[in-house]
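First up is the structure itself, then whatever we jot down about it.
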Amino acid sequence: AQSSPNSKLGIATFNSNLEETVAIETIGTNVNGILMKIAAMTASEEPADKGLSNARIQLETLLSDGKSKNVILFTDGEPTGTGNTWNSTAATAAENEADRIKEKGIKIYTVGFALNDKTKAWLAGGKDGNTPYKGIASKDCALTADNIDQLKTIFKELQQTMTQSLDIKPAQIKDV
């Protein structure tokens, strides 16, 4: 709100309860209202494609304004659909919805928290063993964190990137 008060923000949850979706609105004019809606949201075991679809639908109304559009998919696990184990149908549905978003020129960042190698490959695109994944994230936009400090750093970099047009470059940390 302070660095880019005219930016617009919308939040699309993974669940089908659209009452928990924050419609796209200008940040600087309604910070407290947005924060109250976020605080009222609940976690759900719904497929990621629902959240991506909600985001696409919200952003389609703004495509003609000439401003950059971004989606941040924040996840702490693998695509399970409505279950609790890897679900290939849910994974493919999310990949297909991500393709629809990217085809519209919208950049997708994925932020994964405490992921395994298979889920990292699914979000970034690539292989896990012999299984290829086309990926959810736009090129070089798959970010992962294993602790809260790394997560804070990622979200700070995303905020700077989106409000100040800075590129997030892949980093490699080496223990010497």
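At a glance:
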quantity: Residue match in region 17-37 (condition: at pLDDT 90 or above, open to solvent by less than 30 Å² (accessible area, probe 1.4 Å) and in contact with a helix residue (DSSP H, G or I) (Cβ under 7 Å, 6 or more places away or on another chain)); calculated: no
quantity: Region 92-105: number of residues that are under 11 Å from Ser138 (Cβ atoms), out of contact with any Leu (no Cβ under 7 Å at 6 or more places or on another chain), in a helix (DSSP H, G or I) and of a type in the set (Gly, Ala, Ser); calculated: 0
quantity: Search result, residues across region 140-158 that are part of a helix (DSSP H, G or I) and either open to solvent by 50 Å² or more (accessible area, probe 1.4 Å) or without any contact (Cβ under 8 Å) to a residue 12 or more places away in the chain (or both); calculated: Ile148, Asp149, Gln150, Lys152, Thr153, Phe155, Lys156, Glu157
quantity: Close pairs (9 angstrom Cβ cut-off, 6 or more residues apart or separate chains): under 19 Å from Ser7 (Cβ atoms) in region 65-78, open to solvent by 70 Å² or more (accessible area, probe 1.4 Å) and assigned to a strand (DSSP E or B) anywhere; calculated: Lys67/Lys8; Ser68/Lys107; Lys69/Lys107; Asn70/Lys107; Val71/Lys107
quantity: Filter result for Ala137 (of a type in the set (A, V, I, L, M), under 27 Å from Gly10 (Cβ atoms), part of a loop (DSSP other than H, G, I, E, B) and at pLDDT 90 or above); calculated: yes
quantity: Selection status of Asn84, more than 17 Å from Ser53 (Cβ to Cβ) and either outside any helix (DSSP H, G or I) or modelled with pLDDT of 90 or more (or both); calculated: yes
quantity: Evaluation of Lys118 against (1) charged (D, E, K, R); (2) more than 15 Å from the chain's Cα centre (by Cα); (3) closer than 25 Å to Met162 by Cβ (one fails), failing number; calculated: (3)
quantity: Answer residue from region 106-134, given it is charged (D, E, K, R) and in a helix (DSSP H, G or I) and is farthest from Glu60 (Cα to Cα) among those; calculated: Asp117
quantity: In region 53-91, the residues that are crowded, with 19+ Cβ neighbours inside 10 Å and farther than 20 Å from Cys141 by Cβ; calculated: Gly81, Ala90
quantity: Residue match in region 94-101 (condition: surrounded by fewer than 18 Cβ atoms within 10 Å (Cβ to Cβ), within 21 Å of Ile11 (Cα to Cα), free of Cβ contacts under 8 Å to residues at least 40 places away in the same chain and not β-branched (Val, Ile, Thr)); calculated: yes
quantity: Condition met for Ile34 (touching a Lys or Arg at 6+ places or on another chain (Cβ under 6 Å), in a helix (DSSP H, G or I) and among the aliphatic types (A, V, I, L, M)); calculated: no
quantity: Residue within region 43-51 that is modelled with pLDDT of 80 or more, surrounded by fewer than 18 Cβ atoms within 10 Å (Cβ to Cβ) and not in a helix (DSSP H, G or I) present; calculated: no
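The values are calculated or read from the model by the stated rules, or taken from the named source; none is laboratory data. Just so you know, these numbers come straight off a predicted model, no measurement behind them. We place every Cβ from the backbone using ideal geometry, glycine too, and count neighbours over all the protein chains shown. Note: accessible area is taken over every heavy atom of the protein model, side chains too, but ligands, DNA and RNA are not part of it. Shrake-Rupley method; radii C 1.70, N 1.55, O 1.52, S 1.80 Å.
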